[in-house]
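Working notes, structure below.
The values are calculated or read from the model by the stated rules, or taken from the named source; none is laboratory data. All values derive from a computational prediction rather than experimental measurement. Ideal geometry is used to build each Cβ from the backbone, glycine not excepted, and the neighbour counts take in all protein chains shown.
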Amino acid sequence: MKERELYYIRPTGNPEFNYYFDKITSLFVKHQKGPIKNPKKILFIRNDHIGDMVYSTQVFREVKKLYPHVELHVLASPSNKELIEKDKNVDKIIESHRFWHKGFKGFINYFKIISKIKKENYDVGIDLRRSKLNMFFYLFIPRIKKRAGYYNVNGGKAFLTHPFACEEKTVNVFDISTMAGKFFGINLKNSLPEIHNDEEDEKDYQEIIKKNKIKKYIVFGPGATEDSKRWPEKKFNELIEKFHKKYPNHKIILSGATSDKQLINRLSKGRDYCIPLINFNLRKMALVYKNSDAVVANDGCGSDISWVAGGKLVTLVGPVDIELQNPPKNTIVIHHELPCYPCNYNKPCKKPFGKWCMDLISVDEVFEAVEKQMKS
């Protein structure tokens, strides 16, 4: 495949601009060929979404297995750091959001973070997010000796000493493993991610169960980061009624973030069998999913955590490119296509064909999938 074509495999932003940006800036840079060998102190960058951190945990484990004496640090976002706070493979967490979205205060915070990075004297820096801004601000500026990442997704080749090309469209747990394998020239034997819990997490989970007098339960996650990815509230309402009518002895946990609070409160109002669980610790939420009889969630962090935790997941997918995300096995995916699929789900759906893909998902098919998972 030609170099220019690589920028269109999984384009982010403007692939044409990224191609010429890299082509020009790389004229002044000499890159090293081959994988990184004998790392001593590694900084992994994963300062983005919750699901992305979930799907990166196997990298920390497998690298630590191969290099048991390596010091492994992770630069994480405020929203995803708690997922790895009990991970025995992570020696240190540096918290930093994508400061360029935070204005002047963000830049002030960045200078504090960059000072910390320089003091750590890392010999290897890895950007798992595939972001030229990460490569520049967190790897290049602090002059980490060896810097690796996928350059053709978002550009940034000149900022890397070890640039690698992403050659597959799929973005999932196995893609992250392949990426890390390329960087270090190894074959990650176990590509399955995991969420580490300790006795304290288990104790807090049991307290929630005891406090709400729960014996059997399922979990519904009605929220989503974008409206276009959210199954209609009316249909979640109908699903709750339908499920409770047939399974009156089950409690229904309604989980979500702070932004989902009003939605969850409306769905649980007047229903003593519905238990709102808002902004619950992500590691402990993994235990909630793991021990439930079934989980229904819109595409997003809830479905990611549920699958990794071993939950019996039914995920509702609309505008997101399934070929790109490639939902993992042991999950029932409900999805209906329209000619406009896939689309930019960051914007409200304009229903160009008179319908909305998420609205095509029926209550009956979701209920049927739930019962199938409960019997599995």
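For the reader, a short list of remarks on this structure follows.
- Test for Phe136: is it assigned to a helix (DSSP H, G or I) and either in contact with a His (Cβ under 6 Å, 6 or more places away or on another chain) or modelled with pLDDT under 95 (or both): no
- Test result for Arg266, in a helix (DSSP H, G or I) and either among the charged types (D, E, K, R) or over 24 Å from Ile361 (Cα atoms) (or both): yes
- Any chance Pro339 is in a loop (DSSP other than H, G, I, E, B), at pLDDT below 95, out of contact with any Lys or Arg (no Cβ under 8 Å at 6 or more places or on another chain) and loosely packed, with under 14 Cβ neighbours inside 10 Å: yes
- Residue check, Glu207 under 23 Å from Leu83 (Cα atoms), in contact (Cβ under 8 Å) with a residue 60 or more places away in the chain and surrounded by fewer than 19 Cβ atoms within 10 Å (Cβ to Cβ): no
- Taking region 106-133 as the range and being within 25 Å of the chain's Cα centre (by Cα), among the charged types (D, E, K, R) and assigned to a loop (DSSP other than H, G, I, E, B) as the test, the residues that pass are Arg129, Arg130.
- Filter result (part of a helix (DSSP H, G or I), within 23 Å of Asn121 (Cα to Cα) and either among the β-branched types (Val, Ile, Thr) or touching a helix residue (DSSP H, G or I) at 6+ places or on another chain (Cβ under 9 Å) (or both)) within region 58-105: Val59, Phe60, Glu62, Val63, Leu66, Lys81, Ile84, Phe99
- Hey, Gly354 of a type in the set (Gly, Ala, Ser) and either part of a loop (DSSP other than H, G, I, E, B) or without any contact (Cβ under 8 Å) to a residue 60 or more places away in the chain (or both) or not: yes
One line per residue, one yes/no per condition, for (1) at pLDDT 95 or above; (2) surrounded by fewer than 17 Cβ atoms within 10 Å (Cβ to Cβ):
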site	(1), (2)
Leu6	no, no
Pro15	no, no
Lys33	no, yes
Ile42	yes, no
Asp48	no, no
Gly51	no, no
Lys65	no, yes
Leu75	yes, no
Leu83	yes, no
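- Residue within region 155-170 that is within 19 Å of the chain's Cα centre (by Cα), not basic (Lys, Arg) and not in a loop (DSSP other than H, G, I, E, B) present: no
- Tally of residues being over 17 Å from His73 (Cα atoms) and either assigned to a strand (DSSP E or B) or among the small types (Gly, Ala, Ser) (or both) across region 33-50: 1
- When region 139-154 is filtered for residues that are part of a loop (DSSP other than H, G, I, E, B) and aliphatic (A, V, I, L, M), the ones remaining, listed by number, are Ile141, Ile144, Val153.
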